[in-house]
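Trainee: Sharing a structure below in structure tokens format, with a few things to ask.
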Amino acid sequence: MILWLHGFPLTSQIFEKQRAIRGFDHLMPELPALESMDDYARFAVSQLDARGIEKATIAGLSMGGYICFAVWRLFPERVNGLILIDTRETADTDEARKGRYDSIAKVEQEGVAAVADAMLPKMVVAEELKPRVREIMMTTSPEYVKAALRAMATRPDSSSLLPSIDVPTLIIVGEEDKITPPSDAERMESAIPNARLVKIAGAGHLSNFEKPDEVNAAIGA
């Protein structure tokens, strides 16, 4: 079983191309409006509980990666592997945190489009994919977007957690990712004992969506 935790400001539709990965059951819930990464971790585990699943591989894209770290911190016994896609282990800088709260104010004034349009240029390299990515982002609710921004702004630094991760860990990053660049992935690989890093050429922040064949092959392997 792979439990897929989507990024921000997205929905589980961003994983639509990962359903082609054979040999695994796929659980792709929609993240609700919650106030902290710990709350999201509890939500993730509740999805396993509801299906009687004791352990799963937890896959997180961007914000979903932050949730992966919270799951490992709170419920390591429920994890048999991690897939960290275009994410990082560190907390927000003061500047980034301020940007989150500025974005909340914009959503309150202008709706989800304010965040979607600001983030879209950094999400994918391929211009032809941008309309679909924006379409996915625009299906999110203002309540979720604001809650997720607060949860990301207040998330803890997970750097000290990485050496304790003793399950197989696959780290995937788009070589053109400007939000969580390859240097973040390299740093995580060096700190997690049983990690493997795969860089995806020609992909931005949504490497799984932009280059699904390469990402799916890495996960399948």
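Trainee: State all residues of the range 24-62 that are in contact (Cβ under 8 Å) with a residue 40 or more places away in the chain, part of a strand (DSSP E or B) and open to solvent by 10 Å² or more (accessible area, probe 1.4 Å); if no residue qualifies, say none.
Mentor: Listed by number, the list holds a single entry, THR57.
Trainee: Considering each of THR140, THR90 in turn, give the residue that is crowded, with 21+ Cβ neighbours inside 10 Å, among the hydroxyl-bearing types (Ser, Thr, Tyr), at pLDDT 95 or above and not in a helix (DSSP H, G or I).
Mentor: Testing whether each residue is crowded, with 21+ Cβ neighbours inside 10 Å, among the hydroxyl-bearing types (Ser, Thr, Tyr), at pLDDT 95 or above and not in a helix (DSSP H, G or I) leaves just THR140.
Trainee: Can I ask one more? Cβ-Cβ distance below 6 Å, separation of 6 or more or different chains: which pairs start in the range 116-141 with a residue that is more than 19 Å from ILE179 (Cα to Cα) and end on one that is at pLDDT 95 or above and in a helix (DSSP H, G or I)?
Mentor: Taking only residues 6 or more apart or on different chains, the pairs are MET138/ALA116.
Trainee: Do you know which of the residues in the range 1-23 that are touching a His at 6+ places or on another chain (Cβ under 9 Å) and open to solvent by 20 Å² or more (accessible area, probe 1.4 Å) is nearest to LEU74 (Cα to Cα)?
Mentor: This residue is MET1.
Trainee: Just one of the numbered conditions (1) within 19 Å of PRO121 (Cβ to Cβ); (2) crowded, with 16+ Cβ neighbours inside 10 Å is not true of LYS178; which one?
Mentor: (2)
Trainee: For the range 159-191: of the residues being polar (S, T, N, Q) and under 16 Å from LEU61 (Cβ atoms), which is nearest to the chain's Cα centre (by Cα)?
Mentor: THR180
Trainee: Testing GLY220 on (1) of a type outside the set (A, V, I, L, M, F, W, C); (2) out of contact with any strand residue (DSSP E or B) (no Cβ under 8 Å at 6 or more places or on another chain); (3) open to solvent by less than 10 Å² (accessible area, probe 1.4 Å), one condition comes back false. Which one is that?
Mentor: Only one criterion is unmet by GLY220, namely (3).
Trainee: Go through the range 192-208 and give me each residue that's in a loop (DSSP other than H, G, I, E, B) and under 15 Å from the mean Cα position of the chain (by Cα).
Mentor: Here is the first cut: in the range 192-208, the ones in a loop (DSSP other than H, G, I, E, B) are 192-194, 201-206.
Scanning the range 192-208 gives GLY204, HIS205, LEU206.
The values are calculated or read from the model by the stated rules, or taken from the named source; none is laboratory data. What you see is a predicted model; the values in this text were computed from it and never measured. So basically every Cβ, Gly included, is an ideal-geometry build from the backbone, and we count neighbours across all protein chains shown. Heads up: the accessible areas ignore ligands, DNA and RNA and are worked out on the full protein's heavy atoms, side chains in. Shrake-Rupley method; radii C 1.70, N 1.55, O 1.52, S 1.80 Å.
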